[in-house]
Amino acid sequence: MSTSERGSVRRQGEYAGAQRAGGPAPRAGAPRSGGAAAKKRALGAPDAFVWAPVLALFMAAGICMTIGQSMTLTAVLVAVAVVLVLLDMWINR
């Protein structure tokens, strides 16, 4: 038996143990990691550097709220901070 024939036999018998144990036969193109295929997450973890501008925006919003300058501006600053974190999480997925 040549080495190329041994390679094809090895590939054919790769899942033979699972079939003998009563497990389902693998589908074509199935992932070899086992279990269900991993789904891509909608959002990833935020990076550490995104918190500096977010904290600055929250601090500016707190100052605007404390001095009573504008509640609309406070809401806009908080919304921008939240969007910034969500955008970073979406990029990191």
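The values are calculated or read from the model by the stated rules, or taken from the named source; none is laboratory data. Please read all numbers here as calculations on a predicted model, not as lab measurements. Glycine gets a Cβ as well: all are built from the backbone with ideal geometry, and neighbour counts include every protein chain shown. Surface accessibility is based on the protein's heavy atoms, side chains included, excluding ligands, DNA and RNA. Shrake-Rupley method; radii C 1.70, N 1.55, O 1.52, S 1.80 Å.
General remarks:
- Test result for Ser4, part of a helix (DSSP H, G or I), modelled with pLDDT under 80 and open to solvent by 50 Å² or more (accessible area, probe 1.4 Å): yes
- Residues that are in contact (Cβ under 8 Å) with a residue 12 or more places away in the chain and farther than 14 Å from Leu43 by Cα within segment 76-93 comprise Leu77, Val78, Val80, Ala81, listed in sequence order.
- Restricted to segment 53-74, and to residues there that are over 24 Å from Leu87 (Cβ atoms) and exposed (fewer than 12 other Cβ atoms within 10 Å of the Cβ), the residue that is modelled with the lowest pLDDT is Gln69.
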